[in-house]
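One structure is given below, encoded as structure tokens.
The values are calculated or read from the model by the stated rules, or taken from the named source; none is laboratory data. Not measured: the values here are computed from a predicted model. Reconstructed Cβ throughout: ideal geometry from the backbone, glycine too, with neighbour counts over all protein chains shown. Surface accessibility is based on the protein's heavy atoms, side chains included, excluding ligands, DNA and RNA. Shrake-Rupley method; radii C 1.70, N 1.55, O 1.52, S 1.80 Å.
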Amino acid sequence: MEIRIAQSRLFGFTSCLFLLLVVLGQLLVRTVCAQSQAPPSSAAALESITLDSENIPGSVDVHVLVPPNVNAASEPLPLMLWLHGGGGDDSSYLERVLQPLVEQAWERNELQPMVIAVPSGRRSFYMDFKSGKEKWETFLMQELLPALRDKYKVSDQRSGTYIGGYSMGGMGSLRIAFKYPETFSLVAALAPAIEPAYRFGEIEPRDRAYRSDAIYERIFGRPVDATYWAKNHPATLARDHASRLSESQLDIYFEVGDEDELGLNRGAEFLHNTLLKKGVPHEYRLIHGVGHGGDSMSSRLADALRYVGRASGGVRPRLDPELNRTIKTYATLFNAGNAAAIANEIYLAPVLLINPSTDDHFILKTPEDVQSHFEKTIADIKSQGWDRSVIDDLKIQMSGPDMAIVGLTFSRLKKNGDPIPPAKRLANYVFLRNASGWRVIMASKQPAAEISDAAQIETVLQQKMVRYVDLLNGENPAQGVADEIYQFPRLSRSFLGAREHKGLLSKPDVLASLSGYLKMMKANGMTAITVNSTRVYPASEKLAFVELLSSRVRADGSPIPPSQTPFTYIWVKKPAGWRMIATLAQGSHLESP
């Protein structure tokens, strides 16, 4: 395989452009300059690579967006393959459509720096043709990926390799990710061109009107090989390999407009229902009032990029140094046995306390309650010979700029240094930041243990969150949520007003609070609550945190401000199953800490 490269640098507002061609052997370098000046190293680069392939007749152009200072990165950057739609055969789609949105996402800290490559896929559906004349899937997997990894400082690991696409490319990205979940850790597809059937003969005429017989026959054989079609159809792959997809923990995102002119909403719904029935975690969005493309695509692509940033774990609000200092202060005060200072300087009542070992949880309503609790706790552990506690490991997950989930592994030691069994203990905290600094509003402690099946917990809670939103959009939402989802007492923090957290101690309290909120939202025109993204973080066998980005939408599909509000939910596993004990609105992910 021969590679030929052309490169262009992007810098500021360009008032004059000129092209300098320098030929060195088979290397072609194109440099676009602004006002005859070389761009600074902080500029992103758009490069054009031409690959002479053994699997595709003729050469294949690939456009690559390279973030600033890629060579200065301490670790290899993630790599994303983006597959364009069937409306054109030009990978300039990257420059025209994706690049401005990607750079905005970088500036807003919504997307981590990554290399994005768009191959010019023609009208191939990124398939290996049954005839063997064109092998696009083989080209992507065996030629393009290695070539990109050789040329750029990008990850060669599954965790840093993503794929996505639009329309024809949406279908192609889902198919390839479902076939190679050991290669890709994430797939994001917009308006994927999927037929709502498991067998070729079951496709209705309306669902193949956009794809002529000639296209089907060129790719799948003449006559169409129905078995070959099924082996390359995303919904059939999802049905037949559901356990493999679940075990791989592939992050799956796809969306479609409910007025898609090609009827692709039917195929996306079909795939969604397949994954749902098979218990495969995924995020699916049916967007009200939009078609296949048009004016909505910029915001939809921006949402997809935000999902990539969140799901890949590469984007989190920056850690506040004050949070680290608060945690250290807490440890010092605890070792000093200063319950009063802990109650007044570290904790912020009401405080939710959870004991997963006993299935108990309760709320300390006042600072005096918190102080009394710690006085009893310190007295009890001193009676066991406790001298001090030491932190063995600390993990901080920022949930917006004003909330943090802290996982702390610690040991309680006697004077001679021996640990009081169990040797390792796990503490999980939720910190809020207010005018007085970072304060604890939830604490949970138990013996430290590995989670035996995190994927199962994620699957169950993804389904629970779907049910939660369905109930909120139902006929009697407050009663349904109170009966099926919530456990009492519980903690609540609204995204409206003063945003203070409060304890709701009984079912009547919850019914009154939730009913009032929904009544107010409906008075403002809300017809439904829609989910933008959901992410589950198991903390132990019986404790998990769920982050959900949601919007309240009007009948015309427009969101009621503030749109896309982020929440953190706390779930505990009770004898009757998983129940929600806290609903905590975050600050916006776009705010600066």
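Some notes on this structure:
- Any hit, the range 357-370, residues being at pLDDT below 95, open to solvent by less than 60 Å² (accessible area, probe 1.4 Å), in contact with a strand residue (DSSP E or B) (Cβ under 6 Å, 6 or more places away or on another chain) and at positive phi: yes
- Taking the range 287-306 as the range and being in a loop (DSSP other than H, G, I, E, B) and under 18 Å from the mean Cα position of the chain (by Cα) as the test, no residue passes.
- Options Thr161, Thr227; residue that is touching a strand residue (DSSP E or B) at 6+ places or on another chain (Cβ under 6 Å), modelled with pLDDT of 95 or more and β-branched (Val, Ile, Thr): Thr161
- Conditions (1) among the charged types (D, E, K, R); (2) closer than 21 Å to Gly503 by Cα; (3) in contact (Cβ under 8 Å) with a residue 12 or more places away in the chain; (4) open to solvent by 60 Å² or more (accessible area, probe 1.4 Å): number failed by Arg388: (2)
- Pairs with Cβ under 8 Å, 6+ apart, first in the range 351-368 and under 16 Å from Lys574 (Cβ atoms), second part of a helix (DSSP H, G or I): Leu353/His373
- For Ala189, the conditions (1) assigned to a helix (DSSP H, G or I); (2) in contact with an Asp or Glu (Cβ under 8 Å, 6 or more places away or on another chain) all hold with the exception of (1).
- Among (1) within 20 Å of Ile163 (Cα to Cα); (2) without any contact (Cβ under 8 Å) to a residue 24 or more places away in the chain; (3) open to solvent by less than 30 Å² (accessible area, probe 1.4 Å) - the single one Thr236 does not satisfy: (2)
- Residue match in the range 181-196 (condition: at pLDDT 95 or above, under 27 Å from Arg266 (Cβ atoms) and over 25 Å from the mean Cα position of the chain (by Cα)): yes
- Lone unmet requirement of (1) open to solvent by 10 Å² or more (accessible area, probe 1.4 Å); (2) touching a helix residue (DSSP H, G or I) at 6+ places or on another chain (Cβ under 8 Å); (3) of a type in the set (D, E, K, R) for Arg552: (1)
- Looking only at residues in the range 483-500 that are among the hydrophobic types (A, V, I, L, M, F, W, C) and under 17 Å from Ile363 (Cβ atoms), the one that is most open to solvent (accessible area, probe 1.4 Å) is Phe488.
- Matching entry among Arg535, Arg552 (being closer than 20 Å to Gly289 by Cβ and either touching a residue at least 24 places away in the same chain (Cβ under 8 Å) or within 17 Å of the chain's Cα centre (by Cα) (or both)): Arg552
- Conditions (1) open to solvent by 30 Å² or more (accessible area, probe 1.4 Å); (2) part of a helix (DSSP H, G or I); (3) within 19 Å of Gly169 (Cα to Cα); (4) not basic (Lys, Arg): number failed by Ile215: (1)
- Filtering the range 251-267 to residues that are under 21 Å from Arg310 (Cβ atoms) and open to solvent by less than 10 Å² (accessible area, probe 1.4 Å) leaves Ile252, Tyr253, Phe254, Glu255, Val256.
- Pairs, first on the phi > 0 side of the Ramachandran plot and touching a residue at least 12 places away in the same chain (Cβ under 8 Å) in the range 51-70, second assigned to a loop (DSSP other than H, G, I, E, B) and open to solvent by 10 Å² or more (accessible area, probe 1.4 Å), C-beta under 7 Å, six or more apart: Asn69/Ser41; Asn69/Ser42
- Only a single item in (1) out of contact with any Phe, Trp or Tyr (no Cβ under 9 Å at 6 or more places or on another chain); (2) on the phi < 0 side of the Ramachandran plot; (3) not aliphatic (A, V, I, L, M) is not met by Ser550, and it is number (1).
- Qualifying position, being in a helix (DSSP H, G or I), more than 20 Å from the chain's Cα centre (by Cα) and crowded, with 18+ Cβ neighbours inside 10 Å, among Leu98, Leu148: Leu148
- Looking at Lys135, Lys130, just one residue is touching a helix residue (DSSP H, G or I) at 6+ places or on another chain (Cβ under 8 Å), in contact (Cβ under 8 Å) with a residue 60 or more places away in the chain and within 21 Å of Pro234 (Cβ to Cβ), and that residue is Lys130.
- The residues of the range 440-449 that are open to solvent by less than 50 Å² (accessible area, probe 1.4 Å) and in a strand (DSSP E or B), listed by number, are Val440, Ile441, Met442, Ala443, Ser444, Gln446.
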